[in-house]
Amino acid sequence: MGWRRAGVFVRSGAGSLAQRMMLIAAGWIMVLLLAGGLALDQAMANLVTRSFDEQLDNNLTAMVTSAEIGPDGEVLFNRAPGDQRFLEPNSGLYWQISGKGHEDFPSRSLWDRSLRLPVAHQPTAPRHYNSNEFDDEPLRVVVRSVILPGSPTVWCFAVAESRAQLDNQVERFRHILVVSFAVLGLGLVLMAGLQSWYGLSPLRRVRLAIARMRASGANQVTDRLPLEVQPLVEELNALLAHIEKQAEEARTHAGNLAHALKTPLTVLTNAATAQSDDLAEAVIRESAVMRRQVDHHLARARAVGRRGTSQARANIHDCADGVQRAVLRLYPDVRLDVAGERDATVAIERQDLDELLGNLIENAAKYGGGSVFVTVDVAPQDPAFAEIWVEDDGMGIPQAERIRIFDRGVRLDSGKPGTGLGLAIVRDVAEIYGGTVELGESEDLGGLLVKLRLPRAAG
């Protein structure tokens, strides 16, 4: 599914970078705030509870230190507990002393109620726990079992206080915590949105720069952009330069082809207008010329179109073996040998390498004396290139003609069939891939030596 904007079909499934960044940021903010809030809530609840328990411990210690055994074996206080709430009925602060075989000794604040305390068998350290034994009043209780001097009984001392104040403090803190973290989370989400908007602004600048470039006719993005975006801009500029170069080459090909076809068409027009007797011969001759020109420009255009692929690679020996079989069918009397590095691979499409080797080897078989030798090796001056030597035992090409022979349609031996475009095609296609072609004299066979130099494939 998708939608249209300004005549361009946009895929809706691609999504938005800003939305993705916002969702990721919001998700992490929620997770971290939730985890942090729970941890902080637990820590503060423990802190408040511990402070609450310390007050209970102080009251319990005061009770134990002021307790003694009376004449009747019951517990007495040599001084009354200091907190006035112990004397007020249902005040929320209570104490009680229990012993096995003795009646409970409660504070006045308990009035007609009593605490359910565990039966103690030996002295213990203070222990804190929550109790719901009073229906309308949850309690926080601290108990301690001690043996008082003059009594074998293990007495259980307890101080209890209503948890209302404790729970109110925890709830109040929890409310502050929730509000604070909500405001913090909202602020962080807004900051993440601002960060996404500001962080992605260079991409909007790239879009605007491309729009200005299209409007002004420029072919480069020249705006200064952050380091993270600059490689994208450089690749974009390289792509634009490549497209511009291909467009310029296409215009050049079209112009060259039009210029090449202009003369044969003029000859045909003049012959037809004058109703020449050799009109049929002129049509055949000029049609052959036009066919040669079209074949040449088609070969060059194919090479230009395939040049952009970075994965282009072809094994030289495989191509040479295929060309060898084809040439030997045409020239069965020719001796054709291929030698050299069998694993040499060049960065060129297989079809274009076949065309290069096909033109060179066929020319050597056609114009040589019957022997053709092909050698594949690494370029001694630059290991990044491979060299292909095609030698024959023919008459060779004079030094003065070695530059002119690359021109389209030039043939030094008109007695044999051909188009005169073979070496021109080889030069043009080799240069498209960054290679070169040179002519020389073969030291071993005495004929023509063609050195084809092509870039090696990576890896």
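The values are calculated or read from the model by the stated rules, or taken from the named source; none is laboratory data. Note that the structure is a prediction, hence the values are computed from the model and not measured. Positions of Cβ are generated from backbone atoms using ideal geometry, with glycine treated the same way; all protein chains shown enter the neighbour counts. Only protein heavy atoms, including side chains, enter the accessible area calculation; ligands, DNA and RNA are left aside. Shrake-Rupley method; radii C 1.70, N 1.55, O 1.52, S 1.80 Å.
For the chain, the solvent-accessible area with a 1.4 angstrom probe is 59 square angstrom per residue.
Considering every Cα-Cα pair within segment 49-126, what fraction, in whole percent, is farther apart than 18 Å? Roughly 47 percent, rounded to a whole number.
Think of segment 26-125 as having a plus end and a minus end, set by charges on the Cβ of Lys, Arg, Asp and Glu; of L32, L93, S114, L32 sits farthest toward the positive end of this dipole. Note on S276/E441: beta-carbon distance plugged into 1/(1 + (r/R0)^6) with R0 of 35 Å gives a FRET efficiency of 0.20. Kirkwood radius, segment 93-164, all distinct C-alpha pairs, inverse of mean reciprocal distance: 12.6 Å. Take every Cα pair under 8 Å whose residues are at least 6 apart in sequence, average their separation, divide by the length of the chain, and the relative contact order is 9 percent. Within the chain, helices built from complete DSSP H runs that reach 18 Å or longer along their own axis (Cα positions) and carry a mean Kyte-Doolittle hydropathy of -0.5 or higher are 17-66, 164-199, 201-216, 230-273, 279-306, 316-330. Note on L17 and R342: the model spin-label points, each 7 Å out from Cα along the C-beta direction, lie 5.1 nm apart. With viscosity 1.002 mPa s and temperature 20 °C, the Kirkwood radius over alpha carbon pairs of segment 136-219 converts through Stokes-Einstein to a diffusion coefficient of 108 µm²/s.
Grouping the Cα pair distances of the chain into 10 Å bins from zero gives a pair-distance distribution of 4, 12, 13, 10, 8, 8, 6, 6, 6, 6, 7, 6, 5, 2, 0, 0 percent in increasing distance order.
As a fraction of the 1.4 Å probe accessible area of segment 142-215, surface on carbon and sulfur atoms comes out at 67 percent. Value of Rg to Rh for segment 68-205, rounded to two decimals, is 1.39; Kirkwood radius and Rg both from alpha-carbon coordinates.
Take the Cα of R127, step 7 Å toward its Cβ, do the same at I69, and the gap between the two points is 2.4 nm. Amide H contacts of L448 (H built 1.01 Å from N, in plane; Pro and chain starts excluded): D392, G394, G396, S442 sit under 5 Å, all sequence-distant by 5 or more or on other chains.
Around the amide H of A386, modelled in the peptide plane, lie the amide H atoms of A379, L454, R456, all under 5 Å away and 5 or more residues distant in sequence or on another chain.
Each of S114 and L76 was given a label point 7 Å from its Cα along the Cα-to-Cβ line. The distance between the two points is 2.2 nm.
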